[in-house]
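Peer 1: Structure in structure tokens, see below.
The values are calculated or read from the model by the stated rules, or taken from the named source; none is laboratory data. Since this is a predicted model, take the numbers as computed values, not measurements. Every residue, glycine among them, receives a Cβ derived from its backbone with ideal geometry; neighbour counts consider all protein chains shown. SASA here: full protein model, heavy atoms, side chains in, ligands and nucleic acids out. Shrake-Rupley method; radii C 1.70, N 1.55, O 1.52, S 1.80 Å.
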Amino acid sequence: MPISKSTERIWKRLNRDLTGKPSYRANKTGSSRRFIPKERCANPDTVTFITELLSAEHRISLPDIIYTLSCLLLDRYCCDRKLSEKFKTEYGRTHTFEQQFAKLELPEEFDLLGTIYQSFLTEGVKNSTGSYYTEQSVAQELLNSLGTKPGAAFLDPCCGSGTFLMLAQDMGLKVSGMDSDPIAVMIAKANLILAGATEYPDVRVTDFVSRWKSERRRFDFAATNPPWSSKTKNVYADVSSFFFMKTLSLLKSGGRLAFLMPISMLNIA
């Protein structure tokens, strides 16, 4: 049976004989490749800045880089000083790299910290955790579809660096977020303070799928880009469906949600 040119190229990359199928699935979970998500870079200077920053990784740990840049941004912009100090107190990392980064010209960007973090993560890590952050315009479109009202309670159950939370906060919603990644939660808190939060951000490190029953609050609206195709409870299933059903259970009567879902949701059992 003839095979397509694209299949032939894939099999060659997998070092397989062209007469038989590959013995394992071609996936990216083992990939150490990294790339800058240019679709998230509205400022052309951002790509250059991140490229130069990547070279500092062997000298400074990623959490220290993110924390130091968060503090620099909080110090440089007109945000609530009390909230900024509370952020620094909560994370309390030794701020020994501030002088090294102090002269950096940080590019203007909607989510500079989140884009930097995504650039440092390998393709394998992002693939296995479903950690692909949403573009601002897509998140805004989903939020607009909800018909929200200022003051309503909003939840993002896997908030990443806080794109949905920042936009929802700007729409006057009372936002809450969760994520299993501690660095992402740190970024989301810094982003919300930078975006004008008047209270310390309610963003928590938690595994939403396994711990959602402990959540007693109910929300008017929810929106997110859930992780896809992870292994959950020893069953291979599209984990986005777990997020969908469990978020639905946390909505108030008449509440609405908007999820960015894979098209497979419409085609598989």
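Peer 1: How many residues does the range 137-167 contain that are polar (S, T, N, Q), outside any loop (DSSP other than H, G, I, E, B) and open to solvent by 20 Å² or more (accessible area, probe 1.4 Å)?
Peer 2: Here the count works out to 3.
Peer 1: I'm told Asp45 meets every condition in (1) within 19 Å of Lys103 (Cα to Cα); (2) modelled with pLDDT under 85; (3) open to solvent by 70 Å² or more (accessible area, probe 1.4 Å) except one. Can you identify the failing condition by its number?
Peer 2: (2)
Peer 1: If you don't mind, there's one more thing I want to ask. Only one of these is closer than 23 Å to Asp179 by Cα, modelled with pLDDT under 90, open to solvent by less than 60 Å² (accessible area, probe 1.4 Å) and β-branched (Val, Ile, Thr): Thr129, Thr115, Thr134. Name it.
Peer 2: Thr134
Peer 1: Let me ask you something else. Which of the residues belonging to the range 202-226 are touching a Gly at 6+ places or on another chain (Cβ under 8 Å) and without any contact (Cβ under 8 Å) to a residue 60 or more places away in the chain?
Peer 2: Within the range 202-226, Asp202, Val203, Arg204 qualify.
Peer 1: I'd like to verify a number: residues in the range 174-184 that are surrounded by fewer than 24 Cβ atoms within 10 Å (Cβ to Cβ) and either of a type in the set (Lys, Arg) or in contact with a strand residue (DSSP E or B) (Cβ under 9 Å, 6 or more places away or on another chain) (or both), how many?
Peer 2: Residues that pass the stated criteria total 6.
Peer 1: Now a separate question. Select from the range 249-269 the residues that are open to solvent by 80 Å² or more (accessible area, probe 1.4 Å) and either modelled with pLDDT of 85 or more or among the β-branched types (Val, Ile, Thr) (or both) and write down the one among them that is nearest to Arg216 (Cα to Cα).
Peer 2: So the residue we want is Lys252.
Peer 1: List every residue pair whose Cβ atoms lie under 7 Å apart, where the two residues are 6 or more positions apart in sequence or sit on different chains, the first residue falls within the range 65-85 and is closer than 16 Å to Gly196 by Cβ, and the second residue, located anywhere, is of a type in the set (Ser, Thr, Tyr) and at pLDDT 90 or above.
Peer 2: Sorted first by the residue in the range 65-85, then by its partner, the pairs are Leu74/Ser84; Asp80/Thr198; Leu83/Tyr200.
Peer 1: Considering only residues that are more than 16 Å from Ser119 (Cα to Cα) and surrounded by fewer than 19 Cβ atoms within 10 Å (Cβ to Cβ), which ones fall in the range 62-78?
Peer 2: Selection gives Leu72, Leu73, Asp75, Arg76, Tyr77, Cys78.
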